[in-house]
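To start, the structure under review is shown below, and the notes come after it.
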Amino acid sequence: MAGKPYNFKFFLFMQKVLFTRTWNKIYIQRKASSSPHASQPHFNKYPFLGKGQGTLLNKALMFHMEGALLKSASVFPYFLLVAFEAGGPLRAFTLLLLYPIVCLVGKEWGLKIMVFVCFVGLKEASFSVGRTVLPKFLLEDVGNEGFDMVMKCGGTKIAVTDMPRVMVDCFLKDYLRIEYVIGRELKVTCGHFIGLMEDKKTSSGSMELKVPREGKMDSPVIGISCFNNSLHHQLFSCCEVVYMVSEADKKNWQTLPREKYPRPLIFHDGRLALRPTPIASLFMFMWIPFGIFLLLVRATVFFLLPYKLSILLLHFTGLRGTLIIPDDGRVSNELKQLSKEGGLLYVCNHRTLLDPVYLSMGLVQVRPPSLSLAAVTYSLSRVTELFAPIRTVRLTRNREKDSKMIGKQLQQGDLVICPEGTTCREPYLLRFSPLFAEKTDHIVPVAIDFHVSMFYGTTAGGYKSLDPVFLLMNPTSHCSATILEKLPKSYTCKGGKSKFEVANHVQALIGKALNFECTSLTRKDKYMILAGNEGIV
């Protein structure tokens, strides 16, 4: 009989655990009954939101970003991106080691641990990961169905997030056109983050008062949240209806197609090309020692072995390339003949620093390797020049000097040039500089696409000397180069076209071959967006 009270207490405990979702709803309803903004809310599952589309046009919407918009249930990958890109590999490795503790201590304390590890000591003024790195990964995690739910509302949209506001503010406002973002602020001392967030009640209360003062919430508010959201019940108590999303529903969501992005993602920065889930992050840190060894092997092959032998060995180590000549051999014969005469200009788009190297290796099939081939670049680190197995020529960005230099190089042999002036990772082409069109009418467009598996080999805000290091540390990479037909004389400057018409025509040909979209953005635009400067190295 002495054990019955304990059994009864255990029964009450299990009952509370099993009905947690019900208690959460009751908690929201009680808060709503005392809220001056709304009456007691009603609850529905999110699929019913589609049936009431006509009633949402003039209503404000408050939605939980992680629960109602993103497909994944974990925010750990975004914090690891902050730790790696803003704090370095050691900080990211520390966060990965603490991941089991983060899972055990609960949602609120786990969030505090991740915030402290990622942000302590970082300069507030130089923190740019939320603007340059995270939007790409967040957009790739947006569910198509969740996005449609949010966009059905025609009134003011208010996003509520568990993460610090500095991590998601740019993504929500600039890329999804959300008017208000409610998230906790980070405490700052002497211009540095101290790794602590403002108190939840203080932050939520200040935000809840700020939005109505703008005069935007006079109309009824619709809420979209998730069943396991326990951090923002007070905020959602102002909603007249709350639509609940379950994890089972989110598993069936599709990824948001790129064409539905409210603002296209053209530029982004950072070194990590993979989504750093706990398993992927563990594999990455296990790979880094092997990657450094593989880097040395690949660099040795580049320097010491002949082209034909090095191509085979590099293919074996994971650096793969494909040369595509879309004809029956006519282009190959023409290139062989023109290469003997010299002065052939290969004009290609720019994906990585190794574009000219891969192109030179592929051209072994259509031109003798003994012929001179050089690459002109707008900005190149000394380390990259050291790694390059072909001759590189540095341009000065002085139009007269660069024009003379290109003409001089064409007299000595064939030349590779990337008139975009900088790399672009996404399926877009930047505006081509017309400088190349003035120097010759022997122009061969080359369409290049490059895919990496772990690390990006380009950066706008980081150390450019590490670009070839990260690129050659990838487990695998693949470059495809498509050699297009030589421009007819009627499409060159000697044929009566202006240099701008020639540059735009070559850009269009390469864009069509790659199925990339042509833009009028320039190198300066990229660096102003990602690094806040004009890209002077």
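Descriptive notes on the structure:
- Along segment 155-164 the Karplus relation, 6.51 cos²θ - 1.76 cosθ + 1.60 evaluated at θ = phi - 60°, assigns HN-Hα couplings of x, 5, 10, 10, 9, 10, 10, 7, 7, x Hz to successive residues, with x for each Gly and Pro.
- Stretching residue 451 away from residue 74 to a fully extended chain increases their span by 133.1 nm, per 0.36 nm per residue minus the current alpha-carbon distance.
- Simple spin-label estimate for residue 177 and residue 286 gives 4.5 nm between the two label positions (7 Å along the Cα-to-Cβ direction from each Cα).
- Förster-model FRET efficiency, 41 Å R0, residue 312 and residue 404, C-beta, rounded to 0.05: 0.55
- Scaled radius of gyration (Cα, divided by 2.2 N^0.38 Å) that segment 102-183 gives: 1.22
- In segment 411-537, the C-alpha radius of gyration followed by the widest Cα-Cα span (Dmax) gives 15.9, 48 angstrom.
- Among 251-263, 311-323, the order from most to least packed when residues are scored by Cβ within 10 Å on average: 311-323, 251-263
- In order along segment 100-116, the Karplus-derived 3J(HN,Hα) couplings, from 6.51 cos²θ - 1.76 cosθ + 1.60 at θ = phi - 60°, round to x, 5, 4, 6, 8, 7, x, 5, 5, 5, x, 5, 5, 5, 5, 4, 5 Hz, and Gly and Pro are given as x.
- If the segment from residue 396 to residue 105 were pulled out straight at 0.36 nm per residue, it would be longer than the present Cα-Cα gap by 99.2 nm.
- Pairwise centroid distance, computed over Cα atoms, of segment 441-483 with segment 142-160, Å: 36
- Estimated vicinal HN-Hα couplings, Hz - segment 253-268 in sequence order (Karplus 6.51, -1.76, 1.60; Gly, Pro = x): 5, 9, 5, 5, x, 4, 5, 9, 4, x, 10, x, 8, 9, 10, 7
- Residues whose amide H comes within less than 5 Å of that of residue 120, counting only those at least five positions distant or on another chain, are 195 (H built at 1.01 Å from N in the peptide plane).
- In the assembled protein chains, residue 528 presents an accessible area of approximately 100 Å² (probe radius 1.4 Å).
- Under 11 Å, Cβ to Cβ, from residue 458 - net charge with Lys/Arg +1 and Asp/Glu -1: +2
- For residue 492, the amide hydrogen comes within under 5 Å of the amide hydrogens of 497, counting only partners 5 or more places away or on other chains and with H modelled in the peptide plane.
- Placed amide H near residue 343: partners under 5 Å, 5+ positions off or other chain: 413, 414
- Carbon and sulfur %, accessible surface of segment 135-193 computed with the full protein complex present, 1.4 Å: 46
- Paramagnetic label reach from residue 322 (point 7 Å along Cα→Cβ; backbone nitrogen cut-off under 19 Å): within segment 424-440, residues 426-428.
- Solvent-accessible surface of protein heavy atoms, probed at 1.4 angstrom with all chains present, puts 344, 353 in the order 353, 344, largest first.
- Whole-Å semi-axes of segment 400-459's equivalent ellipsoid (Cα gyration tensor): 27, 12, 12
- Take the Cβ atoms of residue 144 and residue 277, set R0 to 25 Å, and the FRET efficiency comes out at 0.75.
- Between residue 304 and residue 485, the FRET efficiency from the beta-carbon distance, with R0 = 41 Å, is close to 0.70.
- Within segment 453-487: backbone nitrogen closer than 20 Å to the residue 524 label point (7 Å, Cα to C-beta): 460-461
- Highest average first, the peptides 170-178, 79-87, 464-472 ordered by how many other beta carbon atoms sit within 10 Å of their residues are 79-87, 464-472, 170-178.
The values are calculated or read from the model by the stated rules, or taken from the named source; none is laboratory data. Worth saying up front: this structure is predicted, and the values here are computed from it rather than measured. Neighbour counts are summed over all protein chains in view; Cβ atoms, including those assigned to glycine, are modelled from backbone coordinates with ideal geometry. Ligands, DNA and RNA are excluded from the accessible area calculation, which covers all protein heavy atoms including side chains. Shrake-Rupley method; radii C 1.70, N 1.55, O 1.52, S 1.80 Å.
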